[in-house]
Amino acid sequence: MHTLTLLLGSLLLMSSASVSMAQTDEKPRVTVTPVKGPLYMLAGRGGNVVASVGKDGVLLIDADYSEYAQAHAAALAELTDSQVAPRFLLNTHWHFDHSGGNGFWGEQGTVIMAHENIYQRMSTRQEMKALGRVVEPSPAAALPVVTYADAIAVRFNGDTLQVQHYPSGHTDGDSIVFFTEANVVHMGDHYFAGAFPFVDLGSGGNVLGYISNVESALKQMDEQTIVVPGHGRSLMSKQDVQIDLTALKNSVSIIAELLQEGLGPEQIAERGLGPEYASYGAGFINEAAWISFVAGSL
Ligand SMILES: [Zn+2]
């Protein structure tokens, strides 16, 4: 057990360069994509933001990196013709590429809502071993004001948002947000379109839980559902999610079999999963990191 832990530790360290988010000198820029009705996808550098813009004001799902808050504010000012801050912000999970803008909005009076585990993690010091990074407690203005344990419904701009907690997936505090009227779903980091996902084992995530969470979310979608991925710059469909989930499940079977044969995660990474997974490992999480997440989850 200790050997395995050590091995995983060193593998994660090895892969941390490719896991860590690239620093860039680029001026923060946000791309706005109309989704449906009052909904827009705002893509900066971190997780995709969804904005509901209408007669009730503005509600945001997620808040990107803190450095991108001003760029999001500029994009919203253009969409709304005003400088009024959003009334609500809901975080899909605690990671700083989804909650970095919390403080910027919280200071302007936006009410932040999130699962109670997000409050727990953001209000205490977190060590993210997989990224080799320590995250200090967030200032009070960045913390969720309204928290929930299992689910919360939000009625806004003519839609009902069903916000459902999916435990032990990407982290222990992720929610998936269904806009039930618009038939739009924001998957948060339960969907990295066309890529291996980051599964934060140190924050209570687990690859098997991740897969069963996505399966359960798929049951609430139909062929018309518009899917906003946590990462990936295009709007996706139920079929896209199914295709990527099948690839993840097949890769988990391959890795599980090789572990059973006695290979370690490093040896599996050296051997490789096969050319069909090359594109999945080309993003933020490479194949070696994905193998280590799977091995650490089984
Ligand atoms: Zn995340």
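Every read-out reported here was derived from the displayed coordinates using simple, explicitly stated rules and does not represent laboratory data. Keep in mind that this is a model prediction, so the values were computed, not measured. As a convention, Cβ positions derive from the backbone with ideal geometry for all residues, glycine included, and neighbour counts pool all protein chains shown.
Listed values, structure above:
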{"read-out": "Magnitude of the charge dipole, the chain, Cβ model with Lys/Arg +1 and Asp/Glu -1, debye to 20", "value": "300 debye"}
{"read-out": "Cut-off 13 Å between beta-carbons: net charge of the residues surrounding ALA247, Lys and Arg +1, Asp and Glu -1", "value": "-3"}
{"read-out": "Computed helical MRE - 222 nm, the chain, DSSP H runs ≥ 4 contributing -39500 (n - 2.57), nearest 500", "value": "-10000 deg cm²/dmol"}
{"read-out": "Convex hull projection area averaged over all views, the chain, Cα basis, nm²", "value": "14.6 nm²"}
{"read-out": "19 Å cut-off, amide nitrogen to a point 7 angstrom out along LYS129 Cα→Cβ, residues in the range 95-121", "value": "95, 121"}
{"read-out": "Qualifying trypsin sites (Lys or Arg not before Pro) in the range 98-182, DSSP loop, other Cβ atoms within 10 Å at most 14", "value": "ARG125"}
{"read-out": "The chain: Lys pairs at Cα distance under 25 angstrom, eight or more positions apart or on different chains", "value": "7"}
{"read-out": "Between 0 and 90°, nearest 10: helix 2-19 axis offset from the chain longest Cα axis", "value": "50 degrees"}
{"read-out": "Of the GluC sites (Glu not before Pro) in the range 228-293, those whose Cβ has at most 15 other Cβ within 10 Å and which sit in DSSP loop", "value": "GLU261"}
{"read-out": "Summed residue charge, Cβ within 13 Å of ASP62's Cβ, Lys/Arg positive, Asp/Glu negative", "value": "-3"}
{"read-out": "Principal-axis tilt of helix 69-80 within the chain, Cα atoms, nearest 10 degrees", "value": "50 degrees"}
{"read-out": "Antiparallel %, DSSP beta bridges [both residues in the range 24-248], to 5", "value": "70 percent"}
{"read-out": "Phi to ³J(HN,Hα) by Karplus 6.51 cos²θ - 1.76 cosθ + 1.60 over the range 103-115, Hz, x for Gly, Pro", "value": "x, 4, 6, x, 5, 9, x, 5, 7, 9, 10, 6, 4"}
